[in-house]
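Asks: Next up is a structure, given as structure tokens.
Each value in this text was obtained by applying a stated rule to the coordinates, not by laboratory testing. Quick caveat, the model's predicted, so the values are computed rather than measured. Heads up, the Cβs are rebuilt from the backbone with ideal geometry, glycines too, and the neighbour counts pull from every protein chain shown.
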Amino acid sequence: MKAVRKIYDEEVLYINELILTKGCIYGVIGPSGAGKSTLLRIINMLTDQSSGEILYNGEPAPKNGLGKLTLQRNMALVFQKTLLFKDTVWNNIAYGLKARGFNKKEIEIRVNSLLDQIGMTELASRRAETLSGGEAQRVAIARAVAFEPEILLLDEPTANLDPGNIELIEEMIIKMARDKAITVIMVTHNVFQAKRIADQVIFINQGKIVEMGPTEKIFSKPDNESTRLFVEGKMVY
């Protein structure tokens, strides 16, 4: 991303430069209203930037047509509020694979493997609307990664979940990123979560990237004073 702006009534995001590397887990942190979710929506092309340039694999991102659709189909976005189909757990996870024309055998292998990873093999035939919040979020993430997207975007994926479900989801994210070289960009208000799973941390405040770097450095010796205050749990304006 180069000189990317998003303006509504006022400027809500300005990214001077942001380069993301394949297979890396990025934790995006910052105060509420900092522009974190807007960044995810622009990357996923659900929202167009007002100006600036976005490149994927060195090529300008298409703004419409089949090229845009093809690029979007290589990404997956999971929101804080779980949105599942009124169907079984198994069919929810299989949906993206069926839509992309995977054969029946491959779908069965992938879905069963993911059910095992998220600890829900015995709930495969359960209706999604009967699941707990943590169970539903595990299914949502399994559905998102079933087709092995190049980029996985997560917007507060474990907010309001119990520690057990948080641990399972974090382990799943790390495993998928490592095994399949998926680039993960995760917005989280939980700085400790970013510290646990991210390779790189991006601190955004007032629509701008204040600091970005290796997780250990951001938490132990950040360059910016506001970064230090934020990761220590203090208010930053």
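Asks: Are there any helices (runs of 4 or more DSSP H) wholly within the range 177-237 with 3 or more residues that are among the aliphatic types (A, V, I, L, M), and if so which?
Replies: 191-197
Asks: I need the full set of residues from the range 87-130 which are part of a helix (DSSP H, G or I) and either in contact with a Pro (Cβ under 7 Å, 6 or more places away or on another chain) or of a type in the set (Phe, Trp, Tyr) (or both), in order please.
Replies: Residues satisfying the conditions are Trp90, Tyr95.
Asks: Also: Looking at (1) loosely packed, with under 14 Cβ neighbours inside 10 Å; (2) in contact (Cβ under 8 Å) with a residue 60 or more places away in the chain, which is the only condition Glu225 fails?
Replies: For Glu225, the exception is condition (2).
Asks: Given the criteria touching a strand residue (DSSP E or B) at 6+ places or on another chain (Cβ under 8 Å), in a loop (DSSP other than H, G, I, E, B), of a type in the set (Gly, Ala, Ser) and under 18 Å from Glu148 (Cβ atoms), does Gly23 qualify?
Replies: In short, yes.
Asks: Output the number of the condition that Gly33 fails; it satisfies all remaining conditions of (1) assigned to a loop (DSSP other than H, G, I, E, B); (2) within 30 Å of Leu97 (Cβ to Cβ).
Replies: Of the numbered conditions (1) assigned to a loop (DSSP other than H, G, I, E, B); (2) within 30 Å of Leu97 (Cβ to Cβ), the odd one out for Gly33 is (2).
Asks: Still on this structure, I have one more. Which one of these does Ala181 not meet: (1) surrounded by fewer than 16 Cβ atoms within 10 Å (Cβ to Cβ); (2) among the aliphatic types (A, V, I, L, M); (3) closer than 20 Å to Ala34 by Cα?
Replies: (3)
Asks: Still on this structure: Scan Asn165, Asn160 and give me the residue that is assigned to a loop (DSSP other than H, G, I, E, B) and surrounded by fewer than 21 Cβ atoms within 10 Å (Cβ to Cβ).
Replies: It is Asn160.
Asks: Further question on the same structure: What's the number of the only condition in (1) over 25 Å from Gly207 (Cβ atoms); (2) in contact (Cβ under 8 Å) with a residue 60 or more places away in the chain that Leu84 fails to meet?
Replies: Every condition holds for Leu84 apart from (2).
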